[in-house]
Amino acid sequence: MAERRYTDEETAAIFKAAAELQQAALSTSSAEATPTSAGEGMTLGQLQEIGREVGIPSELVVRAARGLERRGRPNVRRFFGLPIGVGRTVALQRTLTEAEWERLVVDLRETFDARGRIRSEGSFRQWTNGNLQALLEPTPAGHQLRLRTVKGDAYASITGGIAMIALDGFLFMLQQLGGHINHGAVPVIGAMGVGMVAFGALRISAWAKVRRKQMADIAARLTESTAG
């Protein structure tokens with residue numbers, strides 16, 4: 001099995017957590033590490049080596065990496081640079097029992113304040129509520145949980161706004177060519193388009209932040225309850 005490699009974002013999170021652990025343990029200022037990009041990512045051994053160079057004990061790097069694993073691997077689907085969709089994958093080291101799956105569903109309902117719908121197909125389990133999905137899938141080691149969602153209404157607002165801006169540009173071009181276009185309509189359409197894009201963008205940023213935290217908390221609780 002290939003050794004786990006950590007992305008630049010995960011590497012930064014590990015060193016930040018390790019430095020905080022060191023500060024708490026020693027009650028002194030700890031060094032900050034800024035890892036360099038490493039293509040396919042860094043292994044835990046490489047992270048420990050960097051930690052030693054900046055004065056962070058290897059065991060604290062390991063603890064920080066384990067804490068990151070408990071929260072799972074995040075992923076983001078972007079649209080024009082905006083986090084239109086977020087998700088998180090949590091690899092478990094064993095198969096969840098039916099009772100554990102039911103407790104997970106309770107956690108999902110409480111966290112997202114949604115009843116959702118449950119569906120089972122063989123060893124596959126899923127809980128869905130609109131675009132929000134929790135998929136429990138078999139792996140060679142046991143189960144993995146995939147959480148994912150998309151901000152569909154904000155996506156529609158942004159794409160609609162972009163379409164209106166494009167229409168505004170087309171009407172402006174016709175106007176410049178001498179077409180019979182209502183002069184007052186062109187700036188109104190453009191302003192509406194910009195407003196729709198801005199409104200959708202603002203909603204996405206706040207929404208994505210909340211959803212990422214909710215998913216990280218669910219992942220941490222699940223891995224803690226199934227550890228050992």
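Any read-out appearing in this document is the output of simple, stated calculations on the displayed coordinates, not a laboratory observation. Just so it is clear, the model here is predicted, and its values are computed rather than measured. For neighbour counting, all protein chains shown are included, and Cβ atoms are generated from backbone atoms with ideal geometry for every residue, glycine included.
With respect to GLY87, determine if the residue is loosely packed, with under 13 Cβ neighbours inside 10 Å and either under 18 Å from the mean Cα position of the chain (by Cα) or of a type in the set (Lys, Arg) (or both). Against the criterion (loosely packed, with under 13 Cβ neighbours inside 10 Å and either under 18 Å from the mean Cα position of the chain (by Cα) or of a type in the set (Lys, Arg) (or both)), GLY87 does not qualify.
Among the residues making up region 188-226, those that are in contact (Cβ under 8 Å) with a residue 60 or more places away in the chain and surrounded by fewer than 15 Cβ atoms within 10 Å (Cβ to Cβ) are SER205, ASP217, GLU224, SER225.
Close contacts from region 103-121, counting a first residue that is small (Gly, Ala, Ser) and a second that is in a helix (DSSP H, G or I), with Cβ to Cβ under 7 Å and a gap of 6+ residues or different chains, come to GLY116/LEU108; GLY116/ARG109.
Consider region 76-102. How many of its residues are in contact (Cβ under 8 Å) with a residue 12 or more places away in the chain and either out of contact with any Pro (no Cβ under 8 Å at 6 or more places or on another chain) or under 19 Å from ALA141 (Cα atoms) (or both)? The number of residues fulfilling the criteria is 17.
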